[in-house]
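Beneath this line is the structure, given in structure tokens, with notes to follow.
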Amino acid sequence: MVVRSKSELQPITNSWLRGFRAVYNKELVRHFGNKRFLSQLVLWCAISASPAIGLTFGGSTELPIVRGTSLLTLFLWLGTVPMSIGTIILTQGAIIEEKMTQTLLWICSKPLSRPALIMGKFAGYAVFLGSIVLGVPALITYITAIIYGLPLLTFLPGFLISLLMIYLLLLFLLALTLMLGACFNHIGTVTAIAFFVYVGGASLNSNQQLQKIEPYTFSALQRYAVEIVSGRFHPEAWIAMGTTLLLTILFLLIAFWQMERYEL
């Protein structure tokens, strides 16, 4: 006689995000679970916010509102480049290191889908980039601009839209680097291609044929962000944001596909 237990094992679902929360929580603990994030916070404030504040600090004869907007535009102009480069450097080994240390073999032996691994890392890094790399330096910069005499709410909507554009650029580079990590097995290759894409996009204006498409690409987001704070908005900015978002999604889909094909 066979006795059946009332409590049956639950089958593992075939959801493509199976195990996402475990990977996401692991990334959050790695980024914020110790006091190391404080040193990262100080570093990014020094790299992104300090140059703009230093250039506008002192006995300036400009009107307070001009001085405040100058600080915001300098932050967006000078700070975006190191933030973009830093995003590539921070994430270049996100997938490669899992392959090199054989932890990918252990991870994929668990009830975890491979797309969930990519999405968990993407979400974890996105939180870190949005808070530590961009968010806090931007907050310090805006508070300093208010101290300079900038009206509290007048420029806030434009500055938030500008930050959204910069954040989208960072997410684009994050997705690009994760995709390259899924496709290649060497950190040097991932870093070189990611820098080539970033520098190549920034160099579109140097070519007469390619400069016609530059306003609709990710490379124009930094310029649009600066112009919005200055009171100018170009309709092409919406197209640039849309194409950057679509490319970000495409990079993630390619990373999913490549990870499914990866032989452990």
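The values are calculated or read from the model by the stated rules, or taken from the named source; none is laboratory data. Not measured: the values here are computed from a predicted model. Every residue, glycine as well, gets a Cβ built from its backbone with ideal geometry; the counts of neighbours run over all protein chains shown.
A few points about this structure:
Let's see how each residue does on (1) under 29 Å from residue 96 (Cα atoms); (2) without any contact (Cβ under 8 Å) to a residue 60 or more places away in the chain; (3) surrounded by fewer than 22 Cβ atoms within 10 Å (Cβ to Cβ):
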position: 205; (1), (2), (3): no, yes, yes
position: 210; (1), (2), (3): no, yes, yes
position: 220; (1), (2), (3): no, yes, no
position: 227; (1), (2), (3): no, yes, yes
position: 253; (1), (2), (3): yes, yes, yes
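- Filtering 225, 237, 175, 202 for residues that are of a type in the set (A, V, I, L, M) and over 25 Å from residue 158 (Cβ atoms) leaves a single hit, 175.
- Set side by side, the residues 156, 176 differ, and just one is under 20 Å from residue 87 (Cβ atoms), of a type in the set (A, V, I, L, M) and modelled with pLDDT of 90 or more, which is 176.
- Among the candidates 143, 95, 132, 118, the residue that is modelled with pLDDT of 85 or more and surrounded by fewer than 18 Cβ atoms within 10 Å (Cβ to Cβ) is uniquely 143.
- Extreme residue, modelled with the highest pLDDT, among residues of the range 1-25 that are among the basic types (Lys, Arg) and surrounded by 10 or more Cβ atoms within 10 Å (Cβ to Cβ): 21
- Which listed residue, of 200, 135, is under 20 Å from residue 76 (Cβ atoms) and small (Gly, Ala, Ser): 135
- Considering residues of the range 26-36 that are out of contact with any helix residue (DSSP H, G or I) (no Cβ under 6 Å at 6 or more places or on another chain) and in contact (Cβ under 8 Å) with a residue 24 or more places away in the chain only, the residue surrounded by the most Cβ atoms within 10 Å (Cβ to Cβ): 32
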